[in-house]
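**Student:** Shown below is the structure under consideration.
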Amino acid sequence: MSQCCCQKTKHRDEKEYKALINRLNRIEGQVRGVKNMLENDAYCTDILTQVSAINAALNAFNKELLSNHIHSCVVDDIKNGNNSTVDELCDTLQKLMK
C-alpha cells in the first residue's frame, strides 16, 4: 500500500467510519467477483459491465467522502482562518476530475 501524501489525519465518528468501510467492503467484493469472472472465462462484456458498476461504486464512495470532508474539515479550517484548505480542495477536485 502506498504511503499517505500528507501528515494530516481526521478522526471520523462511528457512523461515518462504518458507512465508508461498508462501501469499501462492497467494492472489494465486486472486485473479487470480477477476478472470479476472469478466472472462469466470463464473456468480455459481462466483465466490463461489472467493472462499470465498480467505477460507479468508487464514485459514490468519493462523493460521500468528499461531502464529509467539505462539511467537516473544510468548514472547520475556514472558520479557524485557514483558507489554504480551499486551495487544497480545488487541487483535490482537479485530481478527481481527470
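**Student:** Pairs Lys15/Lys63; Lys18/Lys63; Lys18/Lys79: which are spaced more than 19 Å apart, C-alpha to C-alpha?
**Tutor:** Lys18/Lys79
**Student:** So, one more: To the nearest 20 debye, what is the magnitude of the charge dipole of the chain about its Cα centre, counting +1 on the Cβ of each Lys and Arg and -1 on the Cβ of each Asp and Glu?
**Tutor:** 120 debye
**Student:** Among Ala19, His69, Gln50, pick out the residue whose Cα is farthest towards the positive end of the charge dipole of the chain, where Lys and Arg carry +1 and Asp and Glu carry -1 on C-beta, about the Cα centre.
**Tutor:** Highest projection toward the positive end goes to Ala19.
**Student:** With just the Cα atoms of the chain, tell me how far they stretch along each of the three principal axes, in Å, largest first.
**Tutor:** 56, 30, 23
**Student:** Further, regarding this structure: What is region 14-96's relative contact order, in percent, from Cα pairs under 8 angstrom and six or more apart in sequence?
**Tutor:** Averaging sequence separation for qualifying contacts and normalising by length gives 27 percent for region 14-96.
**Student:** Counting helices only, and only those DSSP H runs with n ≥ 4, report the 222 nm mean residue ellipticity of the chain as the sum of -39,500 (n - 2.57) divided by its residues, in deg cm²/dmol to the nearest 500.
**Tutor:** So the helix-based figure for the chain works out to -24000 deg cm²/dmol.
No value in this document is a laboratory result; all are computed from the given coordinates. Being a predicted model, the structure only gives us computed values, none of them experimental. Counting neighbours? That spans all protein chains shown, and the Cβs are built from the backbone with ideal geometry, glycine included.
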